1. Quick check, is Thr405 closer than 28 Å to Glu356 by Cβ and either touching a strand residue (DSSP E or B) at 6+ places or on another chain (Cβ under 9 Å) or among the polar types (S, T, N, Q) (or both)?
2. Considering only residues that are closer than 17 Å to Arg70 by Cβ and more than 31 Å from the chain's Cα centre (by Cα), which ones fall in the range 43-58?
3. Name, by its number, the condition in (1) open to solvent by 80 Å² or more (accessible area, probe 1.4 Å); (2) modelled with pLDDT under 75 that does not hold for His417.
4. Only one residue in Ser214, Ser207 is more than 30 Å from Glu108 (Cα to Cα), open to solvent by less than 30 Å² (accessible area, probe 1.4 Å) and of a type outside the set (Val, Ile, Thr). Which one?
5. Within the range 212-225, how many residues turn out to be without any contact (Cβ under 8 Å) to a residue 40 or more places away in the chain and not in a helix (DSSP H, G or I)?
6. Can you tell me which residue among Glu53, Glu66 is of a type in the set (Asp, Glu), touching a residue at least 24 places away in the same chain (Cβ under 8 Å) and closer than 26 Å to Glu301 by Cβ?
7. Counting just the residues of the range 178-204 that are closer than 20 Å to Tyr247 by Cβ and of a type in the set (S, T, N, Q), which one comes out most open to solvent (accessible area, probe 1.4 Å)?
8. Within the range 168-179, is there a residue that is part of a helix (DSSP H, G or I), closer than 30 Å to Ala267 by Cα, of a type outside the set (A, V, I, L, M) and at pLDDT below 95?
Amino acid sequence: MASSMEEDNQPVAAEAGSSFDLEAYIANYTGHAKVDRLLFIAERSSGKPLELEALRMAHDELKKTENTARYQEVVARIDGRLGSAYTPDRAWVENTERRSAQKGERLESELQSFKAALMKESIRMGHSDLGDWAYERGDLQTAFKCYVRTRDYCTTSRHVVAMCLAVIRTALELGNFVHVANYVGKAEATPDVSNDSVTMAKLRAASGINLLHSRKYKQAARKFCEVSPDLGTSYSDVLALHDVAVYGSLCALASLDRSELRSRVIANIGFREVLELAPEMRELVHAFYNSQYAAALRLLEGLKPALLLDMHVAEHVPALYAAIRHRALCQYVQPFSSVDLAVMAAALNTPVAELEKQLAGLIMDGAISARIDSATKVLYASKADARVTTFQRVLAAGEAYCRDTRALLLRANLVQHDFMQAGLGGAGGGGGRGRKDRLERGLYDMGMGGGGGLMYGMGRSMGVLI
């Protein structure tokens, strides 16, 4: 079902080309993140002018790197549609591959010499340099292995954090979110890392992306809201600070209640500064919090085409939008004993029939305690009957009393018929006691040690202290 929803949303994403400023958007990123986002946009805008513009920019960016495999992939996708300047440049490919192979051989030779000399710091640097070389070539699996190998040669907290950040960046591109979570935890456990606000912001942003892809929207919202504005452009090879504002706001609206939305988003000084980079999200959050649901939902629909071009949030747009809409419906009807569906539909800018269907679904799911009069188109809240609730509590207390009494009588009969395991005798045992002593002791235990606690517990359940 999720795949069908994504297919339905792809044409909407393509329509964003007319109003989507690709050049301004992509200027926020560097490195692999820039190319990855351009290719994602090209894929989502297939057959539209935006596709060729994204492929052209990806081609130009890849020409500055050593990733010849991806360059050839982009040239194949362009397929001559951008003129002779964007046809395969075989001379550049051959020169780049030869130069890259020579560099790889040199780095491998240096690493072997470092290992022979048992130079721990140089071995760490050798593995790290090999990882950077493989990463630039687009060989993410090799890069990941090289970065992980540096772990055994880290001697300071700074080395550990650098290793973790390199592994996290590579794991995010590979889509290996288990390793992202593991190495975020390792980095956060490193001494003194909490004193570096930029590093902590990177770790929280990476953790937020991991939780977003795991569909744990509430935890993702909390992580994104903890990202400091000190992050700036230092993490542009993964995401921009604008993305933190967008992802955090969407997850917060979809999963947090009003009090937490206020404390973590609206009243959070740090995240409020981040929201300044995304004024459309700030306006959406305030409209939703102020119960201006029609304006909020209208803003949400306006943001949808651009969100469907974002590689991290695109697949979650249907689920997040549905959750935000359901939360708006629940918050709208909460203060009222009855609601006219026509008035509510006008307030939410939604047809009455569609609104009635959505409310019926929420009632069936237990999110709203109400009933709908389809004839008059009125929703009536179902109030809890205090009398029935009291009777239910009394009956439950009575059943608990009967259950405990039966257990007490069973124990008394076991003691009376001497169905008890005797101790071994001696200082702490009861082997020297007679049957009468054991009976008296058992009854004492029930009346004082067990019975007293039993009656006290039953008294509390009945609302009376015995």
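The values are calculated or read from the model by the stated rules, or taken from the named source; none is laboratory data. Small disclaimer: the values here were computed from a predicted structure and weren't measured. Cβ sites come from the backbone with ideal geometry, for glycine too, and all protein chains shown count toward neighbours. Protein only, heavy atoms only, side chains kept; ligands, DNA and RNA dropped before computing areas. Shrake-Rupley method; radii C 1.70, N 1.55, O 1.52, S 1.80 Å.
1. no
2. Arg56
3. Just one mismatch for His417, condition (2).
4. Numbers: Ser214 fails: open to solvent by less than 30 Å² (accessible area, probe 1.4 Å).
After ruling out the rest, the residue left standing is Ser207.
5. 2
6. Checking each option against the conditions leaves just Glu53.
7. Filtering the range 178-204 for residues that are closer than 20 Å to Tyr247 by Cβ and of a type in the set (S, T, N, Q), the one most open to solvent (accessible area, probe 1.4 Å) comes out as Ser197.
8. no
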